[in-house]
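Okay, so here's the structure we're looking at.
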Amino acid sequence: MPERPRIFIDGEAGTTGLGIRERLLALSTIELRSLPAEKRKDLEARRAIMSEVDLVVLCLPDEAAIEAAAIAENLGPSAPKLLDASTAHRVHPDWVYGFPELALGQAEKIAAAQRVANPGCYPTGAIALIRPILDAGVLPPDYPVSINAVSGYSGGGKAMIEAHERSGGPAFEIYGLNFQHKHVPETQLYSGLTRRPIFIPSVGHFRQGMLVCIPLHLDTLSGGASGRDLYHVLAARYVGCPLIQVAPPEPLRLEPEGLNDTDRMELRVYASEVHRQALLVARLDNLGKGASGAAVQNIGLMLGLDMQAGEKASANA
């Protein structure tokens, strides 16, 4: 690998691609390659630039990402490493899931991988909350988990962004009401749940920011765990993870934009021992730790680089 690894973002004009590009341009440790706008859909031009770089980031719709991955893999010895920001390969057995804090050893798997799938924004919050308490034996794998979440409209794609920014858009909407949201498979797989969770996402009239909420009845958990128990399980799991903070249960009103323009995530446990109820909450920027920031964190692992660059820095797990 050259002293300054070369990176090509296939789909750099989209929201996630632009976020990754902005972060990478702030670094002197990599060389960012691009195609002219008129060549970005040119198959031969894309194949040529892929053969010249060390890593390709796919910021494309699912079908296009699958096609781009095939182009790269057919380059043989010249094939670059791939980081896919789409949904296409997140549960594929031949791709490593790009959530370094998922479990011990996950960061090392990402570092050694040729193909890594960047996580979705909602699953990043949900898995970060569920997986540790399931691994600790507090949450049974077949627990009927419900996930409620709200995101800024920037996570909804071009049409939603235009609707909100040009005509105002609705104040608030829930969606995914056919129970087929594309983030459910990765959420279930990597959280370790054997029962498919209910996931109801929503979008608010703000550009970015996210809250992911999971309500629990404490008496249904193994051993009748307390809110303090849940807090300590999460806090122990994320010791030494600079991008994830397990915060105290305050304030009592939590808004989704508090971590905007950072690549960090906060986890909280709100609980009532009187009523034996709890709420797990993850707060993150859906464009940061939920997308572009997570991608840069994975790029750093895959290329063996320190990717820190100011407030939007991503650090290795």
Exercise. Among the residues of the stretch 163-174, is there at least one that is polar (S, T, N, Q) and in contact (Cβ under 8 Å) with a residue 40 or more places away in the chain?
Worked result: no
Exercise. Out of curiosity, is residue 83 under 30 Å from residue 181 (Cα atoms), touching a Ser or Thr at 6+ places or on another chain (Cβ under 8 Å) and modelled with pLDDT of 95 or more?
Worked result: no
Seminar exercise, completed: Within the stretch 42-79, the residues that are of a type outside the set (A, V, I, L, M, F, W, C) and under 23 Å from residue 15 (Cβ atoms) are 42, 46, 61, 62, 63, 67
Exercise. If you take the residues of the stretch 220-246 that are charged (D, E, K, R) and more than 20 Å from residue 147 (Cβ to Cβ), which of them is surrounded by the fewest Cβ atoms within 10 Å (Cβ to Cβ)?
Worked result: 228
Exercise. So how many residues does the stretch 70-87 have that are touching a strand residue (DSSP E or B) at 6+ places or on another chain (Cβ under 7 Å), more than 21 Å from residue 29 (Cα to Cα) and touching a residue at least 60 places away in the same chain (Cβ under 8 Å)?
Worked result: 1
Exercise. Of all the strands (runs of 3 or more DSSP E) wholly in the stretch 97-202, which have at least 3 residues that are at pLDDT 95 or above, open to solvent by less than 60 Å² (accessible area, probe 1.4 Å) and on the phi < 0 side of the Ramachandran plot?
Worked result: 146-152
For this session: Return a yes/no flag: does the stretch 273-289 have any residue that is more than 19 Å from residue 97 (Cβ to Cβ), in contact (Cβ under 8 Å) with a residue 24 or more places away in the chain and polar (S, T, N, Q).
Result: yes
Exercise. Listed residues 278, 294, 315; which is touching a helix residue (DSSP H, G or I) at 6+ places or on another chain (Cβ under 9 Å), at pLDDT below 95 and open to solvent by less than 50 Å² (accessible area, probe 1.4 Å)?
Worked result: 315
For this session: Identify, from the list 257, 266, 250, the residue that is over 19 Å from residue 87 (Cβ atoms), in contact with a strand residue (DSSP E or B) (Cβ under 6 Å, 6 or more places away or on another chain) and of a type in the set (D, E, K, R).
Result: 266
Exercise. What are the residue pairs meeting all of these: first residue in the stretch 41-58, first residue free of Cβ contacts under 8 Å to residues at least 12 places away in the same chain, second residue open to solvent by 40 Å² or more (accessible area, probe 1.4 Å) and in a helix (DSSP H, G or I), Cβ atoms under 6 Å, and 6 or more apart or on different chains?
Worked result: 45/39
Exercise. Does residue 213 satisfy the criteria of being in contact with an Asp or Glu (Cβ under 7 Å, 6 or more places away or on another chain), open to solvent by 10 Å² or more (accessible area, probe 1.4 Å), in contact (Cβ under 8 Å) with a residue 60 or more places away in the chain and not polar (S, T, N, Q)?
Worked result: no
Problem set entry | Which listed residue, of 256, 249, is free of Cβ contacts under 8 Å to residues at least 40 places away in the same chain and surrounded by fewer than 24 Cβ atoms within 10 Å (Cβ to Cβ) | 249
For this session: Please find, among 22, 67, 63, the residue that is free of Cβ contacts under 8 Å to residues at least 24 places away in the same chain and either buried (at least 21 other Cβ atoms within 10 Å of the Cβ) or out of contact with any Lys or Arg (no Cβ under 6 Å at 6 or more places or on another chain) (or both).
Result: 67
Seminar exercise, completed: Contact list, first residue from the stretch 133-157 and of a type in the set (Gly, Ala, Ser), second anywhere and loosely packed, with under 15 Cβ neighbours inside 10 Å and assigned to a loop (DSSP other than H, G, I, E, B), beta-carbon distance below 7 Å, six or more apart or interchain, is 137/222
For this session: May I ask you to list the residues in the stretch 17-29 that are β-branched (Val, Ile, Thr) and either at pLDDT 95 or above or farther than 18 Å from residue 302 by Cβ (or both)?
Result: 20
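The values are calculated or read from the model by the stated rules, or taken from the named source; none is laboratory data. All of these numbers come straight from a predicted model, not from anything done at the bench. Note that we place each Cβ from the backbone using ideal geometry, even for glycine, and neighbour counts take in every protein chain shown. In case anyone asks, the SASA skips ligands and DNA or RNA and just uses the protein heavy atoms, side chains included. Shrake-Rupley method; radii C 1.70, N 1.55, O 1.52, S 1.80 Å.
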